Amino acid sequence: MARERRVSGATRRARQMMVGGLVLGHAAGITVLGLALVLGGGDAAVTAALGFAAVVIFFSIGQFIEIIACELEPVQGMGLALVSYLVRVVGVGAGMYFILRNPAVAPHVQPGWLLLSMVATVIAWVSGVVLVATRQRVPIYDAEYVGPAAGSEGD
């Protein structure tokens, strides 16, 4: 028999923030990719796509881990998030290092387009997350209304 699983508000909000980051990150990455293709040609577009993909992979995995961490105890969630950050930094860094050092790829890499695509995608992703987060209702901050105490009408 299937067990019913309830999704917490924190998990729901984390998913919404991930979608915000994905949407704006893709919008910026695809825009830079198009500019690179038009202004710099095929090599620039491939370079921009590489930077865009690295950022999307890094943040997508991170946001997914955050969604999982929301359902864990606070110490476990924090530990998972920190370990995942370390693994993502090393993994994406090593991946980029080996791809950019590959003799078949290295001559075609255009550093300016790589930097532009990565910076634009990071800024857009973070902006998407912040934009969604500022519009979310977090009920923990709702204070119960307490009316004036009886008998304190005209002190």
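The values are calculated or read from the model by the stated rules, or taken from the named source; none is laboratory data. As the structure is a computational prediction, the values presented were derived from the model and not from experiment. Because the Cβ atoms are built from the backbone with ideal geometry, glycine has one as well, and the counts that use them run over all protein chains shown.
Looking at (1) surrounded by fewer than 14 Cβ atoms within 10 Å (Cβ to Cβ); (2) at pLDDT 90 or above; (3) more than 19 Å from PHE58 (Cβ to Cβ); (4) of a type outside the set (Phe, Trp, Tyr), which one does THR134 not meet, given that it meets all the others?
(2)
Within 19 Å of THR134 (Cβ to Cβ), at pLDDT 90 or above, surrounded by 15 or more Cβ atoms within 10 Å (Cβ to Cβ) and not small (Gly, Ala, Ser): which single residue out of LEU35, LEU24 fits that description?
Result: LEU24 is the single residue among LEU35, LEU24 that is within 19 Å of THR134 (Cβ to Cβ), at pLDDT 90 or above, surrounded by 15 or more Cβ atoms within 10 Å (Cβ to Cβ) and not small (Gly, Ala, Ser).
Quick check: is even one residue across region 25-46 among the small types (Gly, Ala, Ser), farther than 25 Å from VAL105 by Cβ and outside any helix (DSSP H, G or I)?
no
Here is a yes/no grid of residues against (1) in contact with a Gly (Cβ under 9 Å, 6 or more places away or on another chain); (2) touching a residue at least 40 places away in the same chain (Cβ under 8 Å); (3) part of a helix (DSSP H, G or I); (4) surrounded by 14 or more Cβ atoms within 10 Å (Cβ to Cβ):
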position	(1), (2), (3), (4)
ALA14	no, yes, yes, yes
GLY20	yes, yes, yes, yes
ILE61	yes, no, yes, yes
LEU82	no, no, yes, no
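Would you mind stating whether ARG88 is among the charged types (D, E, K, R), at negative phi and at pLDDT 90 or above? Give the steps one after another, and end with the answer.
Values: among the charged types (D, E, K, R): yes; at negative phi: yes; at pLDDT 90 or above: yes.
So ARG88 passes the test.
Mind listing just one residue for me: the one in region 90-104 that is in a helix (DSSP H, G or I) and among the small types (Gly, Ala, Ser) and, of those, farthest from THR47 (Cα to Cα)? Spell out how you get there, then give the answer.
Of region 90-104, the ones in a helix (DSSP H, G or I) are 90-101.
Add one more test, that the residue is among the small types (Gly, Ala, Ser), and what stays is 91, 93-95.
Numbers: GLY91: 19, GLY93: 16, ALA94: 17, GLY95: 14 Å.
Top of the filtered list is GLY91.
What is the number of the single condition among (1) under 18 Å from THR11 (Cα atoms); (2) surrounded by 14 or more Cβ atoms within 10 Å (Cβ to Cβ) that VAL92 does not meet?
(1)
Select from region 63-75 the residues that are part of a helix (DSSP H, G or I) and either of a type outside the set (S, T, N, Q) or surrounded by fewer than 12 Cβ atoms within 10 Å (Cβ to Cβ) (or both) and list them in ascending order. Break it down stepwise before answering.
First, pick out the residues of region 63-75 that are part of a helix (DSSP H, G or I): 63-69, 74-75.
The answer is PHE64, ILE65, GLU66, ILE67, ILE68, ALA69, PRO74, VAL75.
Consider ALA10 carefully, then state whether it is among the aliphatic types (A, V, I, L, M), touching an Asp or Glu at 6+ places or on another chain (Cβ under 6 Å) and over 16 Å from GLY112 (Cα atoms). Steps first, please.
Details: among the aliphatic types (A, V, I, L, M): yes; touching an Asp or Glu at 6+ places or on another chain (Cβ under 6 Å): no; over 16 Å from GLY112 (Cα atoms): yes.
Considered against the rule, which asks whether it is among the aliphatic types (A, V, I, L, M), touching an Asp or Glu at 6+ places or on another chain (Cβ under 6 Å) and over 16 Å from GLY112 (Cα atoms), ALA10 comes out as no.
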